[in-house]
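Inspection log for the structure reproduced underneath, given as structure tokens.
The values are calculated or read from the model by the stated rules, or taken from the named source; none is laboratory data. Bear in mind the structure is a predicted one, so any value in this text is a computation, not a measurement. A quick note on method: Cβ atoms are made from the backbone with ideal geometry, for glycine too, and the neighbour counts reach across all protein chains shown.
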Amino acid sequence: MGRNQTHHRLTRMMRMIMLQLEAAVLGGLSPDWKQSGFSTADGGPLLQLVCEGDFEAVLFSSAVQGLLGGAPEEDDSIEAYLERQVLSYLSNATEDQRSDRETALLALAVGCLNLFAQSNWTGPPVELHVSDFLPEALLQKFSQPAALNMAVLSSLQLDGESVYSLVSNPLLLLLTRVIFVNCGAKLETLQLLPWWTLRYVSLHQQILEERSPQLFNLVLSCIEKVYKCEELFTNNTHRNLAIQFHLECSYTCLSYYEYRRAKEHLQTARDLSGIDVNMTGALGKRTHFQENFLAQLILDVKRKDSSPVPNSESPSLTPTPKELLPKDHQLSDDTVLNQINLAEPSEHELPDLSAEEQNLILATCIDFQKNNPVHKLNDEELLAFTTCLLSQPKFWAVEVTSLCLRTKLERGSSRRVERAMMQTQTLVDFFIEKNCPVTERLKMFYTCRAPPLWDLQRQLASLLTDLGLTSSALLIYERLELWEDAVVCLERMGQHGKAEEILRRELEKKETPSLYCLLGDVLKDPQYYDRAWELSKHRSARAQRSKALHHLRHKEFQQCVECFERSLQINTMQLGVWFSLGCAYFALEGYEGAAKAFQRCVGLEPDNSEAWNNLSTAYIKLRMKEKAFRTLQEALKCNYERWQIWENFIAVCIDLGEFSEAIRAYHRLMDLKDKFKDVEVLEILVRSVVDNLTDHRGEQASNLKAKLQELFGRVSARCSTDAQIWKQYARLYGDGNSNNVEDNEKALQFLSKAHRCETQAAGWEKDMGNFRSVVKGARDMANVSISCSRSKRNPQEALQLLSSARLSLKSLVTKAKQLYTDVATGELHDDIRGDVTELEQLVTELQDLSAQLRSQ
């Protein structure tokens with residue numbers, strides 16, 4: 001028993017030491033090698049090389065050369081060969097060697113991943129020859145290096161999405177994938193391996209054309225596994241590492257449209273960090289000539305414990321010296337200052353931010369950008385974030401990401417576009433700069449999303465296009481083999497023939513599905529999509545997507561739906577495709593299919609108001625009004641400014657009996673459209689209140705009377721010449737039959753206005769039906785005048801009411817006799833005779849009442 005306990009205690013101690021070691025490597029810190037007990041065998045020295053940033057030495061170490069140097073079997077793919085070598089390296093280990101060999105594999109995978117990041121993201125460039133570390137027998141079937149490269153790239157293709165063709169050293173990513181994904185289950189002593197797998201996913205996703213559902217499922221299982229390592233989240237010494245983990249998860253969730261999950265991770269990181277990040281206003285000057293200080297938008301960062309220095313219990317990275325970081329170009333404009341000149345700078349001084357705190361601010365900024373529409377006000381808020389981060393240049397990854405974001409925000413400003421251009425060029429050139437070592441560039445690299453080199457170069461080309469330098473941009477796109485951008489560039493220049501020529505030239509060198517798809521786009525010929533589909537062995541989501549769009553343009557909706565469905569079977573995470581599929585189903589009147597498609601759409605992008613609106617339309621067609629109402633509420637949360645959504649919303653509210661929401665919607669439509677008017681909606685609202693109908697929630701509609709009266713006040717002020725609106729307004733006040741004297745007087749006022757509007761309309765008297773309707777309105781008005789005159793204390797006021805009504809009626813009697821008397825008989829037309837008789841009786845009654853009042 002005693003021996004067993006000792007064994008358990010030793011195992012637990014080993015696990016603790018191993019965890020400390022893994023945590024240090026993950027955080028980019030140097031572990032205490034002497035204490036770890038790993039200094040002698042394979043694992044320790046290799047991990048030490050990783051921590052020192054000598055990743056190539058890991059690849060060329062004798063342990064790794066031995067591991068990768070076995071004899072391949074017949075028909076071995078590179079991936080299968082690597083997987084077999086890794087598994088046999090593990091299975092040949094004795095019990096004592098097991099933990100050490102797993103550590104060696106961790107060092108190899110991390111070294112490869114970091115070297116891959118260095119080759120494509122951080123620089124300086126890496127020159128590697130596959131023949132130096134893979135056996136000749138495996139490589140001899142590839143006649144040329146290009147064929148070998150294509151074989152590796154096709155192993156990295158997932159869910160029918162192609163990999164960027166100019167990725168540097170893709171074999172490094174493949175080896176990382178083999179160790180972390182294919183053989184991950186065998187590496188039992190490594191507790192934080194799933195976290196490294198998440199880091200691998202973030203790089204792999206960035207080289208694919210579209211989001212990969214395979215990688216997304218891997219992300220979800222890895223996050224769950226990391227949570228099982230409780231020590232990471234409960235021990236205060238690992239607090240900074242826990243912040244990093246939640247920030248990395250937040251970015252990964254954002255890239256897979258998981259906005260809610262991303263927000264939860266970000267909030268957890270914020271709670272752990274103990275800092276508050278808020279927008280605030282401060283007096284300052286923005287231009288050279290400004291005389292008065294005005295309110296400016298700035299970022300306010302405070303620690304909850306108000307300490308000027310970050311928490312020291314949990315180790316953090318030391319900043320990179322400023323001279324080793326890329327140059328931040330100043331704004332040399334003759335009007336705008338380089339940065340806001342604050343009136344009280346000491347009041348808004350930033351604390352000295354740690355690596356984790358800077359990354360938290362950056363992640364908050366990116367989350368804000370992803371969750372808000374492109375708008376000038378939002379750009380100002382994003383610039384406040386970048387200004388804050390760039391005021392403390394400390395880490396390559398944070399600096400480059402912030403500069404990139406600032407450049408994107410400044411490209412639309414004529415005063416700042418020049419700086420945007422120079423800054424992008426500086427970032428591109430910095431990739432080959434040798435002064436800043438890779439160990440410095442990789443600090444916090446995985447905790448933010450610095451763009452890969454080709455993205456920076458693409459941004460530079462895009463800026464050139466904005467400035468009208470299209471041919472210079474085209475050269476960059478061709479060099480980067482970004483054929484899609486190159487084709488757009490040529491189409492913009494009107495050189496359609498040149499676009500075809502370039503694509504055919506590239507196809508002669510190497511046939512790929514994406515090149516055939518582009519050729520199909522340029523020539524608008526679907527046969528090339530079929531060629532791409534066959535070439536990809538029915539795995540190209542892009543080929544079916546392009547073919548479907550071709551059918552959509554030609555209004556061939558049935559074929560379009562079939563192609564979209566095929567594309568989505570290969571890759572379900574195509575946001576635009578779900579949207580287009582929904583539209584195609586609409587055209588076929590397949591509302592169930594449309595509802596499903598738009599449901600997937602809003603699942604992937606919850607702030608897509610257009611998709612919510614379309615989903616509600618599908619529900620309306622399916623007579624699912626309850627669901628339509630809820631989906632429109634979601635649509636309005638995403639876009640409060642689109643009157644089309646509000647019009648759909650008001651119609652559904654009226655249908656459902658959501659009367660109070662309908663009143664709110666009517667107000668909003670009046671805010672958005674100057675000439676908005678919907679008499680039908682107003683009639684239904686008035687009827688519901690007057691007849692005291694029960695609304696959708698089971699409440700009495702009469703409770704909304706005051707709200708509806710307020711709405712009518714606003715509507716009648718804007719549409720003062722519409723008789724129907726005045727009549728409905730009068731009806732709302734009881735049409736003169738109320739027990740309340742004031743209500744009756746208001747009703748009379750509105751009926752009089754309605755009568756005036758009717759008789760002022762051109763040609764109203766020429767149509768007999770119209771004339772009779774005006775006569776009826778006048779009779780109602782006269783009857784209300786009589787009842788109102790009876791409640792007047794002042795005979796003079798009562799007389800005035802009666803005289804006004806009498807004049808209106810007399811004028812109608814005269815008009816009727818002029819227009820509708822039969823010339824032959826001198827008699828009124830039969831249809832109108834009764835109406836005129838009633839009018840004359842009323843005129844007599846009004847005269848009698850007036851005489852009585854005068855005699856008092």
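Descriptive notes on the structure:
- Residue within region 528-541 that is of a type in the set (S, T, N, Q), surrounded by 24 or more Cβ atoms within 10 Å (Cβ to Cβ) and at negative phi present: yes
- Residue in region 414-432 that is over 20 Å from Leu115 (Cβ atoms), part of a helix (DSSP H, G or I), touching a residue at least 60 places away in the same chain (Cβ under 8 Å) and among the aliphatic types (A, V, I, L, M) present: yes
- Exactly one residue out of Lys555, Lys537, Lys547 is among the charged types (D, E, K, R) and free of Cβ contacts under 8 Å to residues at least 12 places away in the same chain, and it is Lys537.
Every residue, every condition in (1) more than 12 Å from Leu175 (Cα to Cα); (2) modelled with pLDDT of 90 or more; (3) touching a Cys at 6+ places or on another chain (Cβ under 8 Å), yes or no:
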| position | (1), (2), (3) |
| --- | --- |
| Leu49 | yes, yes, no |
| Gly53 | yes, yes, no |
| Glu74 | yes, no, no |
| Glu79 | no, yes, no |
| Ser99 | yes, no, no |
| Thr103 | yes, yes, no |
| Leu106 | no, yes, no |
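- The conditions of being out of contact with any Ser or Thr (no Cβ under 8 Å at 6 or more places or on another chain), closer than 19 Å to Ala363 by Cβ, assigned by TED's automatic domain parsing to the domain that holds Trp121 and modelled with pLDDT of 95 or more are met by Val226.
- Verdict on Thr364 being in the same structural domain as Thr280 (by TED's automatic domain parsing), in contact with a Ser or Thr (Cβ under 6 Å, 6 or more places away or on another chain) and either under 23 Å from Pro319 (Cα atoms) or exposed (fewer than 15 other Cβ atoms within 10 Å of the Cβ) (or both): no
- Looking across region 280-302, the residues that are charged (D, E, K, R) and in a strand (DSSP E or B) come down to Lys285, Arg286, Asp300, Lys302.
- Checked against the criteria, Thr844 counts as assigned to a helix (DSSP H, G or I) and more than 18 Å from Lys727 (Cα to Cα).
- Filter pass, Asn692 being in contact with a strand residue (DSSP E or B) (Cβ under 9 Å, 6 or more places away or on another chain), assigned to a loop (DSSP other than H, G, I, E, B) and not assigned by TED's automatic domain parsing to the domain that holds Asp780: yes
- Listing of helices (runs of 4 or more DSSP H) fully contained in region 434-486 that carry 1 or more residues being under 30 Å from Gly27 (Cβ atoms) and at pLDDT 90 or above: 438-441, 453-466
- Condition met for Arg772 (touching a residue at least 60 places away in the same chain (Cβ under 8 Å), outside any loop (DSSP other than H, G, I, E, B) and either more than 24 Å from Gly734 (Cβ to Cβ) or among the acidic types (Asp, Glu) (or both)): yes
- Within region 167-186, the set of residues being more than 13 Å from Glu83 (Cα to Cα) and part of a loop (DSSP other than H, G, I, E, B) comprises Val167, Ser168, Asn169.
- Verdict on Ser332 being polar (S, T, N, Q) and in contact with a Ser or Thr (Cβ under 9 Å, 6 or more places away or on another chain): no
- Take the conditions (1) closer than 30 Å to Pro315 by Cα; (2) buried (at least 16 other Cβ atoms within 10 Å of the Cβ); Gln423 misses just one of them, which is (1).
- For region 788-807, the count of residues that are over 26 Å from Asp735 (Cα atoms), basic (Lys, Arg) and surrounded by fewer than 15 Cβ atoms within 10 Å (Cβ to Cβ) is zero.
- Any hit, region 261-275, residues being surrounded by fewer than 21 Cβ atoms within 10 Å (Cβ to Cβ), touching a strand residue (DSSP E or B) at 6+ places or on another chain (Cβ under 8 Å) and assigned to a helix (DSSP H, G or I): yes
- Given (1) at pLDDT 90 or above; (2) surrounded by fewer than 16 Cβ atoms within 10 Å (Cβ to Cβ), index of the condition Gly698 fails: (1)
- Within region 480-513, considering residues that are surrounded by fewer than 22 Cβ atoms within 10 Å (Cβ to Cβ) and small (Gly, Ala, Ser), the one farthest from Val167 (Cα to Cα): Gly494
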